[in-house]
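Chemist: Take a look at this one; I'll ask things after.
What follows is calculated from the coordinates using simple rules that are stated; it is not laboratory data. What you see is a predicted model, and the numbers here were worked out from it, not measured in a lab. Every residue, glycine as well, gets a Cβ built from its backbone with ideal geometry; the counts of neighbours run over all protein chains shown.
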Amino acid sequence: MIPVSKPLLDEKELGQITEVINSGMLAQGPKVKKFEDDFAKYIGTKHAIATNSGSAALHVGLLSAGIGRGDEVITTPFTFIATANSILYCNAKPVFADVNEGDFNIDPAKIEEKITSKTKALLAVHLYGQPCNMDKITDICNKHNLSLIEDACQAHGAEFNDQKVGSFGTGCFSFYPTKNMTTGEGGMITTNSDEIAKKARIIRNHGSQKQYFHEMLGYNYRMTDIAAAIGISQLKKLESFIEKRISNANYMTNHLQKIKGIIPPKTFNNRRHVFNQYTIRITDDFPVNRGEIEKVLKSNDIGYGIYYPLPINRQPIYEKSNNDNFPVSERLCNEVISLPIHPSLDESDLDNICTVIEGI
Ligand SMILES: *Cc1c(COP(=O)(O)O)cnc(C)c1O
């Protein structure tokens with residue numbers, strides 16, 4: 001069986017965990033501090049603040065930018081539910097703008113028409129590890145004075161014009177086991193702003209800087225030292241993981257681009273796509289529909305994912321308050337399928353996947 005994703009851990013992580021267990025300090029402590037310092041250095045931001053999930057990072061990221069009741073936040077409907085939910089957690093309103101089919105990310109040409117006097121922030125998602133067009137996105141945010149929050153939960157190490165995503169605005173990362181690096185569960189906020197960093201640290205810890213004094217509403221969103229210990233060694237391996245993902249993705253594209261009806265993921269000269277997912281589109285020109293491809297992959301023990309089958313605006317808790325429609329997202333929901341390219345796959349695995357698809 002070839003799974004669609006697989007975390008890679010070994011005795012390096014075990015050694016780190018053993019250190020934590022021997023120290024007796026299991027909750028947030030020195031390992032979290034070290035992981036934050038290492039991660040900030042990697043992304044190129046002044047600060048990094050660890051949380052216990054990517055969803056918590058998004059929630060804290062928005063709160064730290066001052067998002068609250070009555071505010072509108074523009075985002076994409078073609079993403080994981082946590083992106084939009086984090087806006088609801090703040091009692092703010094998600095306003096969706098459709099994506100473009102070239103990079104699957106929010107279409108800069110469709111953002112400005114969604115801006116109202118209530119719009120406070122843009123929550124951009126670097127989906128599958130492909131950076132958004134950050135030139136256009138930062139221009140729009142500057143012009144309209146919007147806070148920029150980046151959902152980089154799938155995009156550790158992705159770059160636009162040689163700058164890491166998560167450093168353009170407030171970056172939010174996840175370390176769930178399917179991501180490019182893991183801590184089991186975990187997240188991180190990255191920022192160059194002293195003020196946002198300070199607020200994020202307070203919100204993460206029950207609104208408190210000084211023990212048992214609580215200056216605002218906060219949460220227990222702290223990361224454990226055990227998770228941070230895993231993160232410290234995963235971060236050291238991240239670049240080698242990414243390089244393997246990129247070469248696996250290139251290998252797949254070289255084979256699949258010859259097949260009529262398959263559109264492999266696009267790459268851009270000034271963007272580093274880190275391929276958390278390798279997602280192809282199946283168009284009407286392909287001899288069978290996506291459901292048939294799923295059956296063939298299943299019967300050949302090849303894992304795959306449909307990320308995502310339904311745009312967020314049509315999920316039950318969103319559909320009542322959204323009567324816009326998003327034709328590009330709708331179409332992509334019906335066309336996309338993600339294939340395994342994780343770093344533990346070798347050429348024979350990739351060959352096997354391509355041969356099975358070519359045979360359909
Ligand atoms: C994984 C993910 C999240 C949430 O991260 P968790 O760590 O699972 O809470 C948010 N947004 C996107 C795009 C993701 O892929």
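Chemist: Please state the charge dipole magnitude for the chain, taken about the Cα centre, from unit charges on C-beta atoms (+1 on K and R, -1 on D and E), reported in debye and rounded to the nearest 20.
Modeler: On the way: 39 positive and 42 negative charges, 193 e Å.
Computed charge dipole of the chain: roughly 920 debye.
Chemist: If you don't mind, there's one more thing I want to ask. Explain nothing, just compute: Karplus ³J(HN,Hα) = 6.51 cos²θ - 1.76 cosθ + 1.60, θ = phi - 60°, for every residue of region 282-295 in order, whole Hz, x for Gly and Pro.
Modeler: 9, 9, 4, 6, 6, x, 10, 7, 4, x, 5, 4, 4, 4
Chemist: For Val328, Val288, Val73, what's the fewest-to-most ordering of other Cβ within 10 Å of each Cβ?
Modeler: Neighbour counts put them in this order, fewest first: Val288, Val328, Val73.
Chemist: Can you list the residues, at least 5 places off or on another chain, whose amide H is less than 5 Å from the amide H of Thr119, using H built in the peptide plane?
Modeler: Placed amide hydrogens put Glu72 under 5 Å from Thr119.
Chemist: For region 221-230, take each phi angle, set θ = phi - 60°, evaluate the Karplus expression 6.51 cos²θ - 1.76 cosθ + 1.60, and give the result in whole Hz per residue in order, putting x for glycine and proline.
Modeler: 10, 6, 7, 7, 5, 5, 4, 4, 4, 5
Chemist: Would you grab the residues whose amide H sits under 5 Å from the one on Val125? Only those 5+ places off in sequence or on another chain, please, with H modelled 1.01 Å from N.
Modeler: For Val125, the qualifying residues are Thr76, Ile106, Asp151.
Chemist: A follow-up question, please. Under 18 Å from a point 7 Å along the Cα-to-Cβ line of Lys260: which residues of region 336-360 have their amide N that close?
Modeler: It comes to 357-360, nothing else.
Chemist: Which order do Asp284, Asp103, Asp139 fall in if you start with the one that has the fewest other Cβ atoms within 10 Å?
Modeler: Asp284, Asp139, Asp103
Chemist: Helix-only mean residue ellipticity at 222 nm, the chain, DSSP H runs n ≥ 4 weighted -39,500 (n - 2.57), per residue, nearest 500. What is it?
Modeler: That calculation yields -12000 deg cm²/dmol at 222 nm.
Chemist: Also: Go through Leu256, Gly305, Ile196 and say which Cα lies farthest out towards the positive end of the charge dipole of the chain; charges sit on Cβ, +1 for Lys and Arg, -1 for Asp and Glu.
Modeler: Of the candidates, Ile196 comes out farthest on the positive side.
Chemist: Separate question: Once both labels are modelled 7 Å past Cα along the beta-carbon direction, what's the Asp349-Glu239 spacing in nm?
Modeler: That separation, rounded to one decimal, is 2.3 nm.
Chemist: Could you tell me what percent of the DSSP beta bridges with both partners in region 11-234 are antiparallel, to the nearest 5?
Modeler: Details: 15 of 31 bridges.
Approximately 50 percent, going by the DSSP bridge assignments.
Chemist: Rounded to whole Hz and in sequence order, give me ³J(HN,Hα) for region 122-138 from the Karplus expression 6.51 cos²θ - 1.76 cosθ + 1.60, θ = phi - 60°, writing x for Gly and Pro.
Modeler: After applying 6.51 cos²θ - 1.76 cosθ + 1.60, I find 10, 10, 8, 10, 8, 5, 6, x, 8, x, 5, 6, 6, 4, 5, 5, 5 Hz.
Chemist: Here's another thing I want to ask about it. Tell me, His214, His255, His342, His156 in order of fewest to most beta-carbon neighbours within 10 Å?
Modeler: His214, His255, His342, His156
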